[in-house]
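**Student:** My questions will all concern the structure given below.
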Amino acid sequence: MTELDPDQALQRARELACGEGRKILGITGPPGAGKSTLAEAVVAAVPGAVLVGMDGFHLAHSALTELGLVDVKGAPRTFDAAGYVALLRRLRDQPGQLVWAPEFRREIEDAIAGAVPVPPTTPLVVTEGNYLLLPEPPWCAVRGLLDEVWYVELDDTVRLERLAARHRSYGRSATEAWARTTGSDEANAALVRATRARADVIVTGTPPTLAG
């Protein structure tokens with residue numbers, strides 16, 4: 001398994017995008033590890049790349065309320081995993097067509113359908129999320145649709161502090177933020193850590209180029 005720092009990872013992404021045909025790069029890791037930051041950096045570094053997040057397949061908040069799953073929002077069962085697999089398959093099998101992907105909007109805590117265009121000229125699709133390497137169906141189909149999967153690893157103390165700060169920024173109190181961080185988020189993190197060995201690359205460290 002290859003280990004890279006983020007700057008080396010950006011160079012690897014550029015090389016991946018230079019290959020023949022459209023490539024799909026997956027970026028995974030536990031909550032708060034820096035997946036979104038790295039994914040955004042890759043898209044900025046590769047001309048024409050498009051970010052398609054797994055979070056766009058969150059079940060709607062209204063559906064989670066009806067199902068009694070609001071308190072575990074972010075767990076595997078709170079996503080339309082089959083829909084995510086279907087989109088990745090379209091991106092893989094229909095590179096000559098414009099494909100519209102959903103996008104998760106933090107300001108409303110819900111996904112918006114048809115928000116992200118992926119044109120035929122896209123050389124690299126970057127998709128990030130917690131569960132790209134889960135072995136259980138329907139998640140298990142994701143791995144075969146990706147050219148590479150990177151696992152982002154961060155010291156747990158830093159990761160938990162970062163995650164709690166994120167929850168506070170969404171309006172939770174310090175107590176609520178820490179309870180969420182060490183509760184449902186850590187349960188999800190344990191699932192993700194168990195998939196680490198299935199990744200192609202481990203990305204560690206947060207240099208200034210990827211700070212934030």
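Each value in this text was obtained by applying a stated rule to the coordinates, not by laboratory testing. Here the structure is a predicted model, which means the values were calculated and not measured. Cβ sites come from the backbone with ideal geometry, for glycine too, and all protein chains shown count toward neighbours.
Quick grid of which residues meet (1) over 30 Å from Val46 (Cα atoms); (2) surrounded by fewer than 16 Cβ atoms within 10 Å (Cβ to Cβ); (3) touching a strand residue (DSSP E or B) at 6+ places or on another chain (Cβ under 8 Å):
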{"residue": "Trp139", "(1), (2), (3)": "no, no, no"}
{"residue": "Arg172", "(1), (2), (3)": "yes, no, no"}
{"residue": "Glu176", "(1), (2), (3)": "yes, yes, no"}
{"residue": "Ser184", "(1), (2), (3)": "yes, no, no"}
{"residue": "Arg198", "(1), (2), (3)": "no, yes, yes"}
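**Student:** Oh, and also: Scan region 141-150 for residues that are over 16 Å from Asp80 (Cβ atoms) and either touching a strand residue (DSSP E or B) at 6+ places or on another chain (Cβ under 7 Å) or buried (at least 17 other Cβ atoms within 10 Å of the Cβ) (or both) and jot them down.
**Tutor:** Initial filter on region 141-150 (over 16 Å from Asp80 (Cβ atoms)): 143-144, 146-150.
If the condition is that a residue be over 16 Å from Asp80 (Cβ atoms) and either touching a strand residue (DSSP E or B) at 6+ places or on another chain (Cβ under 7 Å) or buried (at least 17 other Cβ atoms within 10 Å of the Cβ) (or both), then Arg143, Leu146, Asp147, Glu148, Val149, Trp150 are the ones that fit.
**Student:** Return the residue satisfying two criteria in turn: it lies in region 13-36 and is out of contact with any Asp or Glu (no Cβ under 8 Å at 6 or more places or on another chain), among the charged types (D, E, K, R) and in a helix (DSSP H, G or I), and of such residues it is surrounded by the fewest Cβ atoms within 10 Å (Cβ to Cβ).
**Tutor:** In this case the residue turns out to be Glu15.
**Student:** Run down Arg180, Arg166 and say which single residue is basic (Lys, Arg), surrounded by 13 or more Cβ atoms within 10 Å (Cβ to Cβ) and either in a loop (DSSP other than H, G, I, E, B) or without any contact (Cβ under 8 Å) to a residue 60 or more places away in the chain (or both).
**Tutor:** Details: Arg166 fails: either in a loop (DSSP other than H, G, I, E, B) or without any contact (Cβ under 8 Å) to a residue 60 or more places away in the chain (or both).
Exactly one of Arg180, Arg166 is basic (Lys, Arg), surrounded by 13 or more Cβ atoms within 10 Å (Cβ to Cβ) and either in a loop (DSSP other than H, G, I, E, B) or without any contact (Cβ under 8 Å) to a residue 60 or more places away in the chain (or both), namely Arg180.
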